[in-house]
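**Student:** For reference, the structure I am asking about is given below.
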Amino acid sequence: MWPQVLPVTVGPLRGVWPSTQEWFAAARRSENLSAQVAEQYQYWEFHPNTRIESTPPKGIEAELHPVFQTDLVSQLPGTFVCQFPQGRVLGRNGAVVAPDGYLLGDVFQSFQLSPTDYAEYRQLQFPAVKVLSGKTAVLATTGGNQFFHWIFDVLPRLHLLEQRYDIADIDWFVIPDTEAAYARDTLALLGIPPEKCLKANRQLHVRAEVLLLPSLAGSTNHPSAWACQFLRDRFLLEPSHPPHRRIYVSRQNSRRKAINGETLETLLTSWGFVTVELEKLPFSEQVRLFSEATAVVALHGAGLSNLVFCSPGTKVIELFSSNYVKVLYWHLSDVLDLDYYYAIGQGSASEDGSSIDPIIEDVRLDLDRVEQTLALAGLRPLPHENRSA
């Protein structure tokens with residue numbers, strides 16, 4: 001039940017603080033805080049800024065793809081939890097506004113855009129403020145209603161909160177606006193009841209008595225080791241069988257699918273791979289499948305988030321369009337000590353000269369190159385009797 005709804009709207013925002021830590025320090029200096037209020041202002045640091053040198057991915061190309069070359073060395077930002085009174089959360093991206101009316105920029109995942117480019121900043125008026133008593137934790141972030149971002153950007157923020165709070169004592173959680181079964185299932189496994197969850201949507205505008213603000217879990221392109229360990233600790237059960245599966249993750253029901261998907265599937269079947277459609281499986285079954293995998297082949301897509309549940313040494317072959325090569329599952333594999341390979345296909349836009357957004361572009365795979373990559377990974381076709389799920 002909402003304790004109170006203010007009858008007035010609020011806006012516009014006054015500006016952006018790029019750093020929550022800098023805002024916090026300035027707020028503590030500038031305000032004449034009573035001892036009781038000062039106790040509600042807290043800032044804790046956990047993981048430091050870290051320089052990461054990644055093992056180059058493997059493939060049959062003569063030279064490493066330029067996208068991988070430019071990301072061999074990367075930087076993971078440090079993590080923190082900031083607590084303060086009268087913080088606001090608004091909009092579908094879970095934008096956090098400090099009591100002085102400034103947006104906190106480093107907890108606003110902007111996907112290479114400035115926070116000022118988003119609607120939450122440009123709005124002159126906002127929905128009426130709903131006032132929340134007790135403690136409110138922010139988990140929502142840009143893109144958090146998609147599987148990869150839910151797994152790696154949303155859920156690990158709970159681990160940061162656990163360093164200072166008993167999750168059961170938190171009154172409200174602002175989460176991404178999604179009805180996906182995996183969201184419901186993972187929150188249940190983490191002990192967060194649906195009645196404590198507020199969904200970040202265009203109508204969301206809440207002011208918390210005390211706001212609990214965990215930092216982002218790291219870089220979207222480079223999941224952190226601590227986040228991976230948190231996910232494995234919470235969701236990975238002791239497997240009933242040792243790793244024994246070769247799985248091919250089909251995207252034939254999704255955007256960015258293989259144009260020659262049927263022939264690719266036939267080829268992979270001859271190599272002992274079983275085709276899976278992850279969108280039809282409950283989260284627990286996806287975890288089990290990947291925990292029992294010895295090899296995974298997939299076009300680039302969110303289903304590869306489940307690599308976090310693979311055993312060290314699992315062979316990963318990621319397939320790309322020439323127009324859409326991404327580094328995140330290579331980095332994830334490197335963190336987890338998986339054996340990562342890649343193969344580049346031809347984007348459909350290259351076939352007819354049309355202009356297609358690479359994120360939705362279908363891809364034609366050269367099956368000879370796929371087989372060469374499988375062989376490079378040390379795989380061999382399996383006898384037919386061993387090709388079972």
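The values are calculated or read from the model by the stated rules, or taken from the named source; none is laboratory data. Values in this document were obtained by computation on a predicted structure and should not be read as measured data. Ideal geometry is used to build each Cβ from the backbone, glycine not excepted, and the neighbour counts take in all protein chains shown. Just so you know, the surface numbers come from the protein's heavy atoms only, side chains and all, with ligands and any DNA or RNA stripped out. Shrake-Rupley method; radii C 1.70, N 1.55, O 1.52, S 1.80 Å.
**Student:** Pick out, from segment 64-103, the strands (runs of 3 or more DSSP E) lying fully within it that include 1 or more residues that are of a type in the set (Gly, Ala, Ser) and either at pLDDT 95 or above or buried (at least 20 other Cβ atoms within 10 Å of the Cβ) (or both).
**Tutor:** 95-97
**Student:** Then there's this: Can you pull out every residue in segment 327-340 that is touching an Asp or Glu at 6+ places or on another chain (Cβ under 9 Å) and not in a helix (DSSP H, G or I)?
**Tutor:** Across segment 327-340, the qualifying residues are VAL327, TYR340.
**Student:** Just to be sure, is PRO242 open to solvent by 10 Å² or more (accessible area, probe 1.4 Å), farther than 24 Å from VAL97 by Cα and modelled with pLDDT of 95 or more?
**Tutor:** Judged against the criteria, PRO242 is not a match.
**Student:** Still on this structure, please answer the following. Being part of a helix (DSSP H, G or I) and open to solvent by 10 Å² or more (accessible area, probe 1.4 Å) is the filter here; which residues of segment 292-326 pass it?
**Tutor:** Matches in segment 292-326: ALA302, GLY303.
**Student:** How many residues are touching a residue at least 12 places away in the same chain (Cβ under 8 Å) and either at positive phi or outside any helix (DSSP H, G or I) (or both) when one looks only at segment 149-185?
**Tutor:** 14
**Student:** Looking only at segment 127-147, decide whether some residue is modelled with pLDDT of 95 or more, open to solvent by 30 Å² or more (accessible area, probe 1.4 Å) and not in a loop (DSSP other than H, G, I, E, B).
**Tutor:** Yes, there is a match, as at least one residue in segment 127-147 is modelled with pLDDT of 95 or more, open to solvent by 30 Å² or more (accessible area, probe 1.4 Å) and not in a loop (DSSP other than H, G, I, E, B).
**Student:** ASN32 fails exactly one of the following numbered conditions: (1) at pLDDT below 95; (2) surrounded by 16 or more Cβ atoms within 10 Å (Cβ to Cβ). What is the number of that condition?
**Tutor:** That leaves (2) as the condition not met.
**Student:** Go through (1) touching a Phe, Trp or Tyr at 6+ places or on another chain (Cβ under 9 Å); (2) surrounded by 22 or more Cβ atoms within 10 Å (Cβ to Cβ) one by one and return the number of the condition GLU265 breaks.
**Tutor:** Evaluating GLU265 over (1) touching a Phe, Trp or Tyr at 6+ places or on another chain (Cβ under 9 Å); (2) surrounded by 22 or more Cβ atoms within 10 Å (Cβ to Cβ) leaves (2) as the failure.
**Student:** Can you report the number of residues in segment 263-287 which are over 18 Å from the mean Cα position of the chain (by Cα), assigned to a helix (DSSP H, G or I), modelled with pLDDT of 95 or more and of a type outside the set (Gly, Ala, Ser)?
**Tutor:** Within segment 263-287, residues that are over 18 Å from the mean Cα position of the chain (by Cα), assigned to a helix (DSSP H, G or I), modelled with pLDDT of 95 or more and of a type outside the set (Gly, Ala, Ser) number 8.
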